[in-house]
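**Q** Okay, handing you the structure first.
The values are calculated or read from the model by the stated rules, or taken from the named source; none is laboratory data. Predicted model only: the values in this text are computed from it and were never measured. Note: ideal-geometry Cβ built from the backbone for every residue, glycine included; neighbour counts use all protein chains shown.
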Amino acid sequence: MTVIPTITLNNGVAMPQIGFGVFQVPNDETEQAVVAALAAGYRSIDTAAIYGNEEGVGRAIAASGLAREELFITSKVWISDLGREETLAAYDASLAKLGLDYLDLYLIHWPAPATDAFLASWQALEELLAAGRLRAIGVSNFLPEHLEKLIAVGGTVPAVNQVEVHPALQQRDIQAADAAHGIATEAWSPLAQGTVLGDSAVLDAAAAHGRTPAQVVLRWHLQQGRIIIPKSVTPARMGENLDILDFELSDSEMASIDALERDGRTGPNPATFNG
Ligand code: NDP
């Protein structure tokens, strides 16, 4: 079984560098997908209230027979539940659906900057952390300006910022801001939902190493130190996406993939997205 490397978060918690994402997996197919992912060796699962599949994730966890402490479970509070009371209630609702009594990581899903409600949600997350009801707290889709606003309050610095990062959208300004504050960057859509797998820089490196394009892209992330959560409902790809620890891209291959930046955003822009 693959031993997945970990990243030590700024509060000392170790988070698997490779996890399994379940965005767009229907609830009734999620149990099967997560059971297969756990069998392939994943121990970190990334879900969210808005995905509507926390129950499916919970059923797979229950069926796995794995000890809770072997798993790293992330969920996220949706925009409609921003605010202190709302977020506390949303956390309890997510736990109930997952059938768990704590999460390893809970994230504010989007800053939704039309209001400052994310600040009140952050207070709720800090209270949950102080009460020992979760292991780490973080944010998602936070631009540097949102991080600055949150950190200026003077409380807990987020452990993680989960943002869209892949070769076509590298968000180096966000990654630099994260690093400056000791925040781990976690890449969502690390494969750009498959849209970068035909690029020649990726194909050339894949041919040179006898690997698949997806493995090359995921390896590029690992070598740059990011946490990744590729999604696949295809068991062979689940294994393929984990099997990236025994080869190394050269500096020139890394630079060729870096050069694929093209502002190729696949999701909403956090500066303007308010749900
Ligand atoms: P990914 O970049 O992980 O790409 C998933 C797509 O790539 C699927 O179509 C999958 O197909 C395909 N794929 C997976 N592995 C391979 C492979 N080895 N070869 C070829 N194709 C492959 O996209 P996601 O958008 O799902 O992002 C990953 C996770 O990030 C999400 O599941 C979610 O957990 C998180 N996320 C978070 C967001 C946020 O706002 N915080 C927003 C979006 C995502 P198939 O499944 O058919 O095998």
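**Q** Confirm whether VAL25 is within 12 Å of the ligand (Cβ to nearest atom) and closer than 22 Å to GLU127 by Cβ.
**A** Details: within 12 Å of the ligand (Cβ to nearest atom): yes; closer than 22 Å to GLU127 by Cβ: no.
Criteria not met by VAL25.
**Q** Moving on. So ILE50 fits all but one of (1) within 14 Å of the ligand (Cβ to nearest atom); (2) touching a strand residue (DSSP E or B) at 6+ places or on another chain (Cβ under 9 Å); (3) not in a helix (DSSP H, G or I); what number is the exception?
**A** Condition not satisfied by ILE50: (3).
**Q** Hey, could you check region 212-238 for residues that are within 10 Å of the ligand (Cβ to nearest atom) and basic (Lys, Arg) and say which is nearest to GLN175 (Cα to Cα)?
**A** So, considering only residues that are within 10 Å of the ligand (Cβ to nearest atom) and basic (Lys, Arg), the one nearest to GLN175 (Cα to Cα) is LYS231.
**Q** Here's another thing I want to ask about it. Which of the residues spanning region 103-126 are buried (at least 19 other Cβ atoms within 10 Å of the Cβ) and in contact (Cβ under 8 Å) with a residue 60 or more places away in the chain?
**A** Of everything in region 103-126, those that are buried (at least 19 other Cβ atoms within 10 Å of the Cβ) and in contact (Cβ under 8 Å) with a residue 60 or more places away in the chain turn out to be ASP104, LEU105, HIS109, TRP110, PRO111, ALA112.
**Q** Which residue is nearest to TRP188 (Cα to Cα), if the candidates are limited to region 132-158 and must be β-branched (Val, Ile, Thr) and buried (at least 21 other Cβ atoms within 10 Å of the Cβ)?
**A** Looking at residues that are β-branched (Val, Ile, Thr) and buried (at least 21 other Cβ atoms within 10 Å of the Cβ), I get VAL139.
**Q** Select from region 186-198 the residues that are in a loop (DSSP other than H, G, I, E, B) and closer than 23 Å to SER75 by Cβ and list them in ascending order.
**A** SER189, PRO190, LEU191
**Q** Quick one: which residue in GLY132, GLY194 is more than 16 Å from ALA48 (Cα to Cα), at pLDDT 95 or above and within 13 Å of the ligand (Cβ to nearest atom)?
**A** Working: GLY132 fails: within 13 Å of the ligand (Cβ to nearest atom).
After ruling out the rest, the residue left standing is GLY194.
**Q** Please list, ordered by first then second residue, the pairs with beta carbon atoms under 6 Å, 6 or more apart or interchain, first in region 22-34 and within 20 Å of LYS76 (Cβ to Cβ), second more than 8 Å from the ligand (Cβ to nearest atom) and part of a loop (DSSP other than H, G, I, E, B).
**A** VAL22/ASN53; VAL25/ASN53; ASN27/GLY52; ASN27/ASN53; THR30/ASN53
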